[in-house]
Amino acid sequence: MSIKIAGTGSYIPERILTNADLEKMVDTNDEWIRTRTGISERHLAAPDQVTSDLGAEACRKALEAAGVDASEVGAVIVATCTPDYTFPSTAANIHRKLQLNKAFCFDLSAACCGFLSVLETACGIMMANKKYRYVLAVGAEKLSTIVNWDDRSTCILFGDGAGAVLLENVDDGDNTGLIASDMNTDGNWSEILKLPGGGSVNPPSERTIAEHLHGIHMQGQETFKLAVNAIVSACRTVESEAGISIRDDVKLVIPHQANIRIIQAVAKRLDITDEQVIVNINRYGNTSAASIAICFDEAVRTGRLQRGDLALLASFGSGLVWGAQLIRY
Ligand code: UT7
C-alpha cells in the first residue's frame, strides 16, 4: 500500500506589502530586512478574505490538479494558527465552501510545524487502515490578523497564504508518500514564541488589548539558534532511518520559510547544493503552517519535483515543535 500525492495547490492573496511599505510603518529599512531575513515582500489577504477562503482556494486547485471531484474527499485536516474562529473549525468552513459533502473535517494546531503534523496524522494514522481514500492536507494562514504592526522585530516577517495536497490511498506498490519521519516537541520552550492572548490563560479583555497580547511575541535570537540544530538533527534522524543519503538521494529539501539565514545554515550543515533547496521566503515571508505546503506546490508546478523524486520536508516552530519527513512524490 502507498499514499500518493494526487494533486497540489496553493493560493497567495493579491495584495503585496513591500519592505518599502514597511519603512513607512515602523523604524526599519529594506536593507536590514533583506539581509537579516531574506524577505523582500509578503502578500496580505483582503479584509473580507478569511483563512478558510485561502485554504479553500488551495484545496480547489489541488483537486483540479488531481482531477478529483469534491464529493470524493473523505477528510480535510487544516493546520492553522489563525483559524476563522476558535470553533467551528476552519476545515468545517472549507467543507461548506467547497461542498465536500462526505468529508470529516478538523483543524490541528502546531504553528509553523502544522503542515508536517497534518501529514503525520493523515499518512501515519488516518490513511493507514485505508478507511479514507482521499484526504486533503492543508496549511492556511491569515497571519496579518495576529501581527503587531507596531513591533518592527516581528511585523516584517509574516505573510498570508495557503497550500494543500490531496493524498490518495493507492494499491500500486510504488512506495510513494511518507517514507520516514521524525517529529518532536519540547514544551519547556513554550515561552519563546507565542500568542499570549485570547485563550484560557489570558481571555480577551481591555487589558489583553492594551498589552498587545493578541499579537505574535517572539524571542528571535533564541528561536533562531534552536531552529538550526533541531532541523538538522531531525533531518539526520530521518536520513538514517530511511537508509538514504540526503546529499545523494534527495532531490529537494523543502524547509519552513522562517529566515533565509536559517535555511542557509541548515543547507550548509546538511552539505547540500543550492539546487537541492527550495526558497520563496523573498516573495512570501513566513506563512507559518502554509509555508511548506506552498513550497511543495511550487516545486511540483515548476517541475523541480518529478514523480518518483524524494523530498525532505523540515520545519520548526512554536511549542516548540520540530520535525522532518521524507516523502516520495
Ligand atoms: O516560524 C517560526 C520560527 N521563527 C523563527 O525561526 C525566527 C527566528 N528568528 C529570526 O529569524 C531572527 O532572530 C529575526 C529576523 C527575528 C531577528 O534577527 P536578528 O539577527 O536575530 O536580530 P536581533 O533581534 O538580534 O536584532 C538586532 C538589531 C537590534 O538592534 P540593537 O539592539 O543591535 O541596536 C534590533 O533592535 O536589529 C534591530 N532590529 C531591527 N532593525 C531594523 C530588530 N528588528 C529590526 C527591524 N529593522 N525590523
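The values are calculated or read from the model by the stated rules, or taken from the named source; none is laboratory data. This structure is a prediction, so every number in the text was calculated from the model and none was measured. Neighbour counts are summed over all protein chains in view; Cβ atoms, including those assigned to glycine, are modelled from backbone coordinates with ideal geometry. Quick note on the areas: whole protein, heavy atoms, side chains included, nothing else; ligands and nucleic acids left out. Shrake-Rupley method; radii C 1.70, N 1.55, O 1.52, S 1.80 Å.
Among the residues of the range 190-208, those that are part of a helix (DSSP H, G or I) and closer than 17 Å to Ala111 by Cβ comprise Ser190, Glu191, Ile192. Taken over the range 173-186, the criterion of being open to solvent by less than 50 Å² (accessible area, probe 1.4 Å) and within 16 Å of the ligand (Cβ to nearest atom) is satisfied by Asn184, Asp186.
Taking each residue of the range 197-209 that is open to solvent by 50 Å² or more (accessible area, probe 1.4 Å) and looking for partners that are of a type in the set (S, T, N, Q) with beta-carbon atoms closer than 8 Å, six or more apart or interchain, yields nothing. Across the range 125-163, the number of residues qualifying as among the hydroxyl-bearing types (Ser, Thr, Tyr), more than 15 Å from Gly285 (Cα to Cα) and within 12 Å of the ligand (Cβ to nearest atom) comes to 0.
Within the range 209-253, the residues that satisfy the criterion of being part of a loop (DSSP other than H, G, I, E, B) and of a type outside the set (Ser, Thr, Tyr) are Glu211, His212, Leu213, His214, Gly215, Ile216, Gln219, Gly243, Ile244, Val250, Lys251. The residue of the range 23-43 that is farthest from the chain's Cα centre (by Cα), among those that are more than 10 Å from the ligand (Cβ to nearest atom) and closer than 17 Å to Arg152 by Cβ, is Lys24. Residue-level check: of (1) under 30 Å from Gly303 (Cβ atoms); (2) without any contact (Cβ under 8 Å) to a residue 12 or more places away in the chain, Ala58 misses just (2). Confirm whether Leu98 is more than 16 Å from the ligand (Cβ to nearest atom) and open to solvent by less than 10 Å² (accessible area, probe 1.4 Å). For Leu98, the condition - more than 16 Å from the ligand (Cβ to nearest atom) and open to solvent by less than 10 Å² (accessible area, probe 1.4 Å) - is not met. Just to be sure, is Leu252 among the aliphatic types (A, V, I, L, M) and either in the same structural domain as Lys61 (by TED's automatic domain parsing) or within 16 Å of the ligand (Cβ to nearest atom) (or both)? Taking the combined requirement at face value, the residue does not satisfy it. Within the range 263-301, the set of residues being in a helix (DSSP H, G or I), open to solvent by less than 20 Å² (accessible area, probe 1.4 Å) and within 16 Å of the ligand (Cβ to nearest atom) comprises Ile263, Val266, Ala267, Ile281, Ser288, Ala289, Ala290, Ser291, Ile292, Ala293, Ile294, Cys295.
When Asp48 is tested against (1) open to solvent by less than 50 Å² (accessible area, probe 1.4 Å); (2) under 30 Å from Thr28 (Cα atoms), exactly one condition is not met: (1).
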